[in-house]
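Take a look at the structure below.
FYI, it's all coordinate maths here, none of it is from the lab. All values derive from a computational prediction rather than experimental measurement. Note that each Cβ is placed from the backbone with ideal geometry, even for glycine, and that neighbours are counted across all protein chains shown.
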Amino acid sequence: MASSVAAVIVAGGRGSRVGGEVPKQYRLLAGEPVIRASLSLYAWHGEVHLVQPVIHPDDVARYEAAARGLNILPPVFGGATRQASVRAGLEALSARKPDVVLVHDAARPFCSTTLVSQAIKASAVTGAAIPGLEVTDTIKSVDSACQVTGTLDRAQLRSVQTPQAFRFDALLEAHRKAALAGRQDFTDDAALSEWAGSKVSVFAGEPGNVKLTTEEDFARAEARRLASLADLRTGTGFDVHAFADGDHVWLGGVKIPHSRGLTGHSDADVGLHALVDAILGALADGDIGHHFSPNDPRWRGASSDQFLKFAIERVQKRGGRVAHLDLTVVCEAPRIGPHRDAMRKRIAEIAEISVDRVGVKATTSEQLGFTGRREGIAAMASATIRLPWSW
């Protein structure tokens, strides 16, 4: 039987060395909260089954905004130290009894899926494994007066990262043992595990898997994040739905009162359908009919927000971001202007982007064609997305 794997994402700190009112894990990095990258990494990873965030009680609203749409466990509150926070996450997972647990700092947004897989694999061999980098600088030990007391052998040193991987039961037992002993001074779970008697192995870490600690770190990370999303793509979408009997239409995720309705297999939201096709086009990933066949009874009368959410998730699974969405509705009626802001807001909510990245416009066809004869509504859309560059 394959091992079940859980991840504890530690996000309860205050990030005092960075400064500012917003804790560093919630600061924006290329328009996205830092913690979102860490949560998404594990939420989408095929070998990780449970993701347990640990947050500060003051950060509930920030966390909910950052984690919106991710299939992860509800957060638990951490303690006064990192060690106490990790234990809170482990205790929350204890009833589920995973075989392996990964502990990851939320402020490491550049960890790769490959490193996570390597951590899981290494822990299966040794029971406890951590990623580490060889030290390239000469390291000196100094006394309280900053006088050199010795030169350390850097061949025996490693700079340690997360995720750190352990047998779940062993790490939980070690944390409970440390709490009973009054030990709250361990700076990482490897040190605690060593103290409890476990042997910890080291596997190769990643130089890019940095922890954001200072303003300089954030400046470098901002440039790196934008550079990593260098594959800029655009897609277009077009959709039409005919009028039928009814007393409202759905447009851009908003229910608009009208003397007629729109006919379609789902809720016939012509605006959202065009946006879905635009995003899928940018991904070169088929169209809405390919993923949601009109012959499938599951989608009869379905709300189209789930189609747009699906398209957004396709971008996220590729490690990408939606940069901009633009929608044009073509009809004689109903009037779109009074509902424009509500449509922009709803589209932004579904797409998990800020409202200033959503454009909604309306026009008529000057009483020409089927829209001019009030036989239906047409919509055109464009989507701009950023993906990690790959050949």
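Taking the Cα atoms of the range 101-260, the ratio Rg/Rh between the radius of gyration and the Kirkwood radius comes to 1.25. A cut-off of 5 Å between modelled amide H atoms, ignoring neighbours fewer than 5 places along the same chain, links Asp231 with Leu387, Trp389. Relative contact order for the range 5-228: 24 percent, from Cα pairs under 8 Å spaced at least 6 residues apart, divided by residue count. The C-alpha radius of gyration of the range 167-226, expressed as a fraction of 2.2 N^0.38 Å, stands at 1.57.
The range 307-362 and the range 124-186 have Cα centres separated by 47 Å. Label separation (Ala342 vs Thr138): 7.1 nm, computed from points 7 Å beyond Cα along the C-beta direction.
Helix content alone sets the calculated 222 nm mean residue ellipticity of the chain: runs of n ≥ 4 DSSP H residues at -39500 (n - 2.57) each, divided across all residues, give -9500 deg cm²/dmol. By the count of other C-beta atoms within 10 Å, a proxy for reagent exposure, Arg340, Arg300 are ordered fewest to most as Arg300, Arg340. If you count Lys pairs in the chain whose Cα atoms are under 18 Å apart, skipping same-chain pairs closer than 8 places in sequence, the total is 9.
Other residues within the sphere of radius under 14 Å centred on the Cβ of Ala61, judged by their own Cβ, net out at -2 (K and R +1, D and E -1).
Calculated translational diffusion coefficient of the range 20-126 (25 °C, 0.890 mPa s; Stokes-Einstein with Kirkwood radius over alpha-carbon pairs) equals 169 µm²/s.
Equivalent-ellipsoid semi-axes for the range 231-387 (Cα gyration tensor, √(5λ), whole Å, largest first): 25, 17, 14. Listed by Cβ neighbour count within 10 Å, with the fewest neighbours leading, Leu280, Leu102, Leu180 appear as Leu180, Leu280, Leu102.
Net length available on complete extension from Arg68 to Asp247 is 61.2 nm, with 0.36 nm assigned per residue and the Cα-Cα distance removed.
Above 32 Å, the calculated P(r) of the chain contains 45 percent of its Cα-Cα pairs.
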